[in-house]
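The values are calculated or read from the model by the stated rules, or taken from the named source; none is laboratory data. Since the structure is predicted, the reported quantities are computational estimates derived from the model, not experimental observations. A quick note on method: Cβ atoms are made from the backbone with ideal geometry, for glycine too, and the neighbour counts reach across all protein chains shown.
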Amino acid sequence: MEFISLFGAFPVPMFMGFIVAIIFYVFKFRREALFVILTFSSGLISTVIKLLVNRPRPTAALVRIVEVAKQQSFPSGHTLFYTIFFGFLLFLMWNLKQINLVLRVVVALLSALLILTIPFSRIYLGAHWLTDVLGGFMLGLICLYFIVILYLKETH
């Protein structure tokens with residue numbers, strides 16, 4: 001569970017996102033590289049909502065804490081980031097037919113696996129309540145929707 005959450009612990013998302021954007025850019029997918037960078041908006045969205053809601057994290061008196069987190073609890077920033085970043089990768093792998101099929105399938109499966117397992121990881125580690133990860137997932141879907149709509153609008 002700690003390994004699953006690793007990809008959302010700062011600075012890993014920034015490093016990973018820039019590497020993915022650079023790979024897209026090098027292989028002449030410049031617009032896709034820009035939109036991968038746009039997925040970083042999840043950090044700002046998460047921070048603003050955490051400050052507005054100001055919900056405390058689960059405590060050791062109520063749950064087993066494996067990972068001590070610093071910011072407020074709602075929404076789950078990990079879940080929000082995974083939904084937007086890996087969701088957009090999943091979308092790209094579905095749409096960019098010029099990329100090798102095996103690579104597209106592998107990236108899509110890994111992305112889907114991470115999106116589906118991160119909520120369980122965050123709860124298991126004692127970092128979030130169920131409603132935190134549900135909120136992160138729903139916010140992530142909303143943000144992903146707008147990123148995909150903007151991406152598709154730019155292609156036509």
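Here are a few things to note about the model shown:
- Matching residues in region 38-64 - criterion: being β-branched (Val, Ile, Thr) and buried (at least 17 other Cβ atoms within 10 Å of the Cβ): Thr39, Ile45, Ile49
- One residue stands out among those in region 15-35 that are touching a residue at least 60 places away in the same chain (Cβ under 8 Å) and among the charged types (D, E, K, R): the one that is surrounded by the most Cβ atoms within 10 Å (Cβ to Cβ), which is Glu32.
- Pro56 fulfils the conditions (1) under 21 Å from Leu141 (Cβ atoms); (2) without any contact (Cβ under 8 Å) to a residue 60 or more places away in the chain; (3) not in a helix (DSSP H, G or I) except for a single criterion, (1).
- Any chance Lys97 is assigned to a helix (DSSP H, G or I), among the basic types (Lys, Arg) and surrounded by fewer than 21 Cβ atoms within 10 Å (Cβ to Cβ): no
For every residue, the table says whether it meets (1) within 18 Å of Ile123 (Cβ to Cβ); (2) in a helix (DSSP H, G or I).
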| position | (1), (2) |
| --- | --- |
| Ala9 | yes, no |
| Pro13 | no, yes |
| Phe18 | no, yes |
| Val48 | no, yes |
| Phe74 | yes, no |
| Leu80 | yes, yes |
| Ile84 | no, yes |
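- Every listed requirement among (1) more than 28 Å from Leu96 (Cα to Cα); (2) assigned to a helix (DSSP H, G or I); (3) of a type outside the set (A, V, I, L, M); (4) touching a residue at least 12 places away in the same chain (Cβ under 8 Å) is met by Phe3 save one, (4).
- Taking the criterion of being surrounded by 22 or more Cβ atoms within 10 Å (Cβ to Cβ) and without any contact (Cβ under 8 Å) to a residue 60 or more places away in the chain, the only residue of region 120-143 that qualifies is Val133.
- Qualifying residue in region 59-75 (condition: touching a residue at least 40 places away in the same chain (Cβ under 8 Å), charged (D, E, K, R) and either closer than 21 Å to Phe7 by Cβ or out of contact with any helix residue (DSSP H, G or I) (no Cβ under 7 Å at 6 or more places or on another chain) (or both)): yes
- Cross-chain or 6+ apart pairs with Cβ under 8 Å, region 100-112 first and at negative phi and modelled with pLDDT of 95 or more, then part of a helix (DSSP H, G or I) and surrounded by fewer than 17 Cβ atoms within 10 Å (Cβ to Cβ): Arg104/Trp94; Ala108/Trp94
- All conditions but one from (1) farther than 17 Å from Met16 by Cα; (2) in a helix (DSSP H, G or I) apply to His128; the one that does not is (2).
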